[in-house]
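Single-structure report; data block below.
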Amino acid sequence: MFTGTRERPAGMRDIPQKGTVNMQTKAGFSILEACEHYGVSRTRLYQEISEGRLRLTKVGRRSIIATVDGDAWFNALREASRKAA
């Protein structure tokens, strides 16, 4: 009988689908991923990088924003907005 859910065979583990990485465990983000994660535009992200408020790491041709750097930048923005209010 169909129950509406698929049952996995015993011993089979859940395998994440392509593109479904837990953002909390990533070491770094691409520019697009950082924009999506922090809710800002590419223009704003590049502006923050050029003004020295957000650190960018180059890995070959790729531009990576380390999760710790992105989180520190985002928390600094939150603190600045609290002080301004």
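Read the figures in this text as sums done on the coordinates, not as results from a lab. Not measured: the values here are computed from a predicted model. In this analysis, Cβ positions are derived from the backbone assuming ideal geometry, glycine residues included, and neighbour counts consider all displayed protein chains.
Summary table below
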| read-out | value |
| --- | --- |
| Long-range amide H partners of ILE64 with built H, under 5 Å | THR57, LYS58, VAL59 |
| Separation of the ASP71 and THR25 label points, Cα + 7 Å toward Cβ, nm | 1.5 |
| Distant-in-sequence amide H partners of GLY28 (H built 1.01 Å from N, under 5 Å) | THR67 |
| Projected label distance in nm at ALA80 and THR57, using a 7 Å step from Cα toward the beta-carbon | 2.3 |
| In sequence order, calculated HN-Hα J values of the stretch 25-40 (Karplus, 6.51, -1.76, 1.60; Hz; x Gly/Pro) | 9, 6, 7, x, 10, 6, 4, 4, 5, 5, 4, 5, 5, 9, x, 10 |
